[in-house]
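In what follows, a single structure is set out as structure tokens and then discussed.
The values are calculated or read from the model by the stated rules, or taken from the named source; none is laboratory data. Note that the coordinates shown come from a computational prediction; the quantities given were computed from them, not determined experimentally. Methodologically, a virtual Cβ is constructed for each residue, glycine included, from the backbone with ideal geometry; neighbour enumeration extends over all protein chains shown. Protein only, heavy atoms only, side chains kept; ligands, DNA and RNA dropped before computing areas. Shrake-Rupley method; radii C 1.70, N 1.55, O 1.52, S 1.80 Å.
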Amino acid sequence: MPDWLCLLVAMAAALPASGAAPRDNACAKALPQSLRAALKDDLCGPGSPGTLGPALCVAAALKAYPKWRADALAELCRGASREDGTSLAPVSCAKAFKRNDPQRAVLALCAPLANEPPSDDASDAAWIQGPAACFHKAPRDWSEEDAIELCKGARASPDGPAANPEPVACALGANQKAARKGKKGAASLPLPVVAKLCQTGLQKRSVRGGGDLSADGPLECIAAVPDLRAGPAGKSGRPAGASVEPGAWALVQLCRRAPSDAPAKCFNAVGGGELEVMLRVALCKGVASETAAEGRAKCATHRALASLEPNLRVALCRGGGSGGGEGGEGGVAG
């Protein structure tokens, strides 16, 4: 065997197994000494990102929250795989919360920020402060669980701290509609469904800009769907029994992040005789204009496509030239 090949074999044998990180690596050494034994396997061992990101995040979090348990610090920082400022985003997000805010809410809303790509615009402050701003302004009669769901990925309002973030403005709009006579549309939805409907969700920071999402759009969309049924609800606004009627959740998928009632117009134009509910949702969600809505509906109901399987018809009309690609999301919802 050639000498170079022997050397290569020896080097390969000395390497850790695939996917494993040596216990005594740079990540473990960067952890605070008081937490090294407790967290090095979790944040720096096999299956971990293998970078300094989690350790840098934990060190900053421990300085800000010296009384937090090790498992809470790990939960906040586990996804911090990058070695730039993004790894500290969960800590910066947590600092925007009040000291007496529930730790569960802080962890649920701030930990996901570690997975966001670095920003190439000036939206960092809105991105980092958004979850706390949303949580603090959520409707007072909402449960902690519903407020957390509403505020995932929320951005602070570009109009300043006094203004409601878009998810909150949407939720308050639903509350106002519920106070009017003849409760319809979003007004009849249980709170968990309204939270999903109004949630803006995490998006790439590079595409975030003021005005991309409308607080009124989801409500206009839901109100425009005539066959919305949310099922009976209890005192808290939650559905009586174990779950919300599937049709309500399907229409939330249709209208979430909608800029207007365009997805609903597409949904209505297709009709139940052409496609089942979830396929109509898959076809129409994400359309950003009436032109796109009309194009997708006409495509899906065209006689020339009648012989195609419904799934194929939806896939074709979402990606075709009849307004199918405008504001849409790839694939077919199940």
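On inspection, Ser81 does not qualify as more than 21 Å from Ala125 (Cβ to Cβ), open to solvent by less than 30 Å² (accessible area, probe 1.4 Å) and in a loop (DSSP other than H, G, I, E, B).
Give the residues of segment 162-215 that are among the charged types (D, E, K, R) and at pLDDT below 80, sorted by residue number. Listed by number, the residues that qualify are Lys177, Arg180, Lys181, Lys183, Lys184, Lys204, Arg205, Arg208, Asp212.
A count restricted to segment 126-147 and to residues that are assigned to a helix (DSSP H, G or I) and within 12 Å of Val194 (Cα to Cα) stands at 2. Just one of the listed residues (Ala126, Ala114) is out of contact with any Cys (no Cβ under 8 Å at 6 or more places or on another chain) and buried (at least 17 other Cβ atoms within 10 Å of the Cβ), namely Ala126.
Is it the case that segment 69-80 has a residue that's at pLDDT below 90 and of a type in the set (Gly, Ala, Ser)? Yes, there is a match, as at least one residue in segment 69-80 is at pLDDT below 90 and of a type in the set (Gly, Ala, Ser). Of the candidates Asp159, Asp121, the single residue that is at pLDDT below 80, in a loop (DSSP other than H, G, I, E, B) and of a type in the set (Asp, Glu) is Asp121.
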